[in-house]
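Peer 1: Below are the structure tokens for one structure; questions will follow.
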Amino acid sequence: MKEFIRNNKITYNLMSFTAFKSLIIFSMLLEGPCSYDDIINYFENHEFLREKISIDTIRVYINSLKRAGCNITKTKRVDGGKFVLLSHPLELTINNDQIKIISKIYKTISKTVEIEELILLEKFLRKIGKNTKNNEFRQTLDKISLLSGLDTDLLDELMNCCKSKKQIILKYNSPHSGHTDMEIICDKLGFENGKLYIYGTSLDYSQAVYLLVNRIIKIKEINLNKTKNIKIKEIKVKFELKADIQEVQLKENEKLISIHNNKIILEAKSSNKFALKQRILSFGSQCKVIEPEIFKKEIISTLQKMRAEY
Amino acid sequence: MKKIGEKYNEACIKIFKMLCMLSKGPTEYKDIIEIFTDDTSSDSAVPVQLNKYLNTLKIFGLNITKNKSTYRLQNSLFTLDLSKEDLKILQLLKSSGEILVNSRQKETFESLMENIETRLSNISKEILENTSDENNIKRSEYFLKYRDLIAKCEIYCYENQKLEVSFLHENKEYKVICNPREITYINTKAYLSVFNHLSRQIFNVPVDEILSIKQMPLISKGKEISLTVVYKIRNNLAKAYRLKEWESCDGKYDEDGWLTIINHNEDFDVLTKRLMRYDYNCKVISPKSFKERMINTIDETLKNYE
């Protein structure tokens with residue numbers, strides 16, 4: 001309007017005044033619910049309109065907006081008798097072809113960015129999802145997202161705790177004992193087999209732990225006085241691998257001892273025996289535990305139990 | 001005389017029709033003009049009507065540009081407030097559109113990105129303009145290193161012609177005649193997923209192990225009926241298990257506490273490694289060939305300790 005007055009290039013008879021006023025009412029409803037009085041006052045005090053508008057005229061405008069595709073309801077008189085815009089045709093539309101493409105691109109991006117950025121991607125797509133009518137978009141996101149069902153605010157908090165290696169008490173839904181408190185020193189967030197885990201040191205078990213993030217209910221407490229000198233019982237496992245070293249992605253806790261005739265000797269150090277066992281078993285017949293004897297026996301016993309299932 | 005409840009303004013309907021068209025993307029003159037063709041007596045009045053409504057939008061603050069016969073809405077009544085972080089992601093998505101090889105897919109994707117940008121609030125637009133490339137999110141070094149090869153594999157998948165793929169595995173060179181399927185990602189590595197008719201198996205060939213790809217003049221027409229693997233899991237594993245996209249399960253535990261999972265199209269090598277990790281909380285049911293493969297892997301591993 002200001003521009004129009006300033007440059008004087010367009011005159012009233014070269015514009016649709018009715019269309020202009022419907023846009024005003026529509027944009028008022030976009031801002032929030034409006035009563036008859038709100039609209040009347042706005043028109044009366046408008047810098048250039050300064051017009052008295054009747055209730056009947058407003059009703060015609062509302063009818064017209066409804067006819068144009070807006071879904072408008074009116075609250076009860078006791079609630080202020082306000083018009084509420086539930087949806088409108090100018091919302092962002094995402095068609096099914098676009099959903100398929102977004103899904104394809106998500107799969108590429110999600111594996112090639114850091115977790116912090118993955119959280120940002122999740123927040124962005126959820127925001128877009130809220131602004132579009134297509135439920136299919138939200139459903140697809142639930143299906144493909146690596147962070148599906150996770151609270152992004154909690155993820156942000158956990159991420160911050162990991163960055164500054166904070167000592168925290170978590171409310172955790174353990175598959176063993178149900179809701180329980182767990183105290184850990186946070187280390188990092190990471191994916192393992194498509195699931196997000198928080199890695200850290202457990203104060204309760206004095207060992208490295210990784211907890212499924214979707215089982216964390218909340219951060220109950222952040223302990224400012226970090227426990228020092230935690231005695232963690234670590235085990236060192238030496239194992240042989242029949243593989244090309246180029247093809248083996250060594251973990252942070254593993255180191256190469258020697259390579260001889262396509263046989264690699266590795267040493268893994270961890271306080272989490274369960275994780276070590278899983279790692280060893282995943283190599284199948286390519287792998288043989290050398291020491292310690294007690295761990296070797298456990299692996300043999302597990303393999304025998306696996307065989308017994310068949 | 002019509003009741004108030006039945007009355008409406010034709011001008012309101014027209015301006016919204018016009019806005020809806022423009023909000024969906026660039027709009028041709030011939031399409032937009034149709035809104036005004038019904039109620040005018042002469043053809044010459046139609047462009048006048050159009051200008052009247054375009055002026056209304058402009059006065060309201062909506063910026064519309066015209067390039068040859070195409071109108072383009074530059075801002076919207078309905079705006080999206082995106083933060084600096086959101087806009088970084090928007091940029092990341094836009095740059096990721098490069099992997100789309102099909103021009104129709106590319107156009108569809110670009111139109112969505114344009115629709116989002118059109119709806120950005122003024123503040124968001126300002127942030128976007130002031131975001132330099134340096135601030136953009138960087139992809140992993142691995143992805144950047146193999147981006148061209150991944151894009152090439154995407155083209156092979158799109159063209160759907162039979163391939164002869166040579167690749168390295170445990171220091172040995174292998175060749176497989178196959179139908180390209182898709183690019184998949186396991187952990188942070190990219191794989192060319194292919195179907196081999198001879199073994200009726202899906203293979204995930206690591207992109208970084210590919211030595212050469214020969215495209216054959218044959219379009220892949222054969223139906224890909226790969227083997228479905230059925231396995232059971234129990235205890236905590238079953239409680240915490242998150243189904244993969246290619247898996248299904250009815251969620252019912254049998255009387256011994258086992259949960260049955262039906263798995264389609266997973267590379268057998270990858271699946272074997274995964275199921276081995278689940279130790280005696282997992283048991284393969286069918287097919288017989290995969291079950292035997294699993295038993296054989298356990299037996300061979302046990303032999304290491306004899």
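Peer 1: When you check A:Tyr106 against the structure, is it outside the structural domain of A:Cys161 (by TED's automatic domain parsing), more than 30 Å from A:Glu136 (Cα to Cα) and part of a helix (DSSP H, G or I), yes or no?
Peer 2: Values: outside the structural domain of A:Cys161 (by TED's automatic domain parsing): yes; more than 30 Å from A:Glu136 (Cα to Cα): no; part of a helix (DSSP H, G or I): yes.
No, not satisfied.
Here is a yes/no grid of residues against (1) among the acidic types (Asp, Glu); (2) out of contact with any helix residue (DSSP H, G or I) (no Cβ under 7 Å at 6 or more places or on another chain); (3) assigned to a helix (DSSP H, G or I); (4) more than 9 Å from chain B (Cβ to nearest Cβ):
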{"position": "A:Ser64", "(1), (2), (3), (4)": "no, no, yes, no"}
{"position": "A:Leu121", "(1), (2), (3), (4)": "no, no, yes, no"}
{"position": "A:Thr140", "(1), (2), (3), (4)": "no, no, yes, yes"}
{"position": "A:Leu146", "(1), (2), (3), (4)": "no, no, no, yes"}
{"position": "A:Asp156", "(1), (2), (3), (4)": "yes, no, yes, yes"}
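Peer 1: Ok, one more. If you scan segment B:264-304, which residues turn out to be of a type in the set (D, E, K, R) and part of a helix (DSSP H, G or I)? It would help to see each step written out before you state the result.
Peer 2: To start, the set of residues in segment B:264-304 that are of a type in the set (D, E, K, R) comprises B:266-267, B:269, B:273-274, B:277, B:279, B:283, B:288, B:291-293, B:299-300, B:303.
Result: B:Asp269, B:Lys273, B:Arg274, B:Arg277, B:Asp279, B:Lys288, B:Lys291, B:Glu292, B:Arg293, B:Asp299, B:Glu300, B:Lys303.
Peer 1: OK, next. Could you please tell me which pairs satisfy a Cβ distance under 9 Å, a separation of 6+ or placement on different chains, a first residue in segment B:45-61 that is under 17 Å from B:Lys17 (Cβ atoms) and in the same structural domain as B:Leu19 (by TED's automatic domain parsing), and a second residue that is assigned to a helix (DSSP H, G or I) and among the basic types (Lys, Arg)?
Peer 2: Sorted first by the residue in segment B:45-61, then by its partner, the pairs are B:Gln49/B:Lys14; B:Tyr53/B:Lys14.
Peer 1: Looking only at segment A:158-180, count how many residues are part of a helix (DSSP H, G or I) and within 23 Å of B:Asn236 (Cα to Cα). Explain how you work it out, then say what you get.
Peer 2: Keep residues of segment A:158-180 that are part of a helix (DSSP H, G or I), which gives A:158-163.
Remaining after also requiring within 23 Å of B:Asn236 (Cα to Cα): none.
Residues that pass the stated criteria total 0.
Peer 1: For B:Lys58, work out the one condition from (1) facing chain A (nearest Cβ under 9 Å); (2) surrounded by 20 or more Cβ atoms within 10 Å (Cβ to Cβ) it doesn't fulfil.
Peer 2: Among (1) facing chain A (nearest Cβ under 9 Å); (2) surrounded by 20 or more Cβ atoms within 10 Å (Cβ to Cβ), B:Lys58 violates only (2).
Peer 1: Name every residue in segment A:105-119 that is more than 7 Å from chain B (Cβ to nearest Cβ) and either surrounded by 18 or more Cβ atoms within 10 Å (Cβ to Cβ) or of a type in the set (Val, Ile, Thr) (or both), in order of residue number. If you could, list the steps in order and put the result at the bottom.
Peer 2: Here is the first cut: in segment A:105-119, the residues more than 7 Å from chain B (Cβ to nearest Cβ) are A:106, A:110, A:114-116, A:118-119.
A:Tyr106, A:Ser110, A:Ile115, A:Leu118, A:Ile119, listed by residue number.
Peer 1: Report, by residue number, each residue of segment A:281-296 that is closer than 16 Å to A:Lys238 by Cβ and either hydroxyl-bearing (Ser, Thr, Tyr) or more than 9 Å from chain B (Cβ to nearest Cβ) (or both).
Peer 2: Scanning segment A:281-296 gives A:Ile290, A:Glu291, A:Pro292, A:Glu293, A:Ile294, A:Phe295.
Peer 1: Give A:Arg59, A:Arg77 a once-over and let me know the one that is within 7 Å of chain B (Cβ to nearest Cβ) and more than 23 Å from the chain's Cα centre (by Cα).
Peer 2: Values: A:Arg77 fails: within 7 Å of chain B (Cβ to nearest Cβ).
Only one candidate qualifies: A:Arg59.
Peer 1: What do you reckon, is A:Ser103 touching a Leu at 6+ places or on another chain (Cβ under 6 Å) and touching a residue at least 12 places away in the same chain (Cβ under 8 Å)?
Peer 2: Values: touching a Leu at 6+ places or on another chain (Cβ under 6 Å): no; touching a residue at least 12 places away in the same chain (Cβ under 8 Å): yes.
No.
The values are calculated or read from the model by the stated rules, or taken from the named source; none is laboratory data. All values derive from a computational prediction rather than experimental measurement. Quick reminder, even Gly has a Cβ in these numbers, built from the backbone with ideal geometry, and neighbours come from all protein chains shown.
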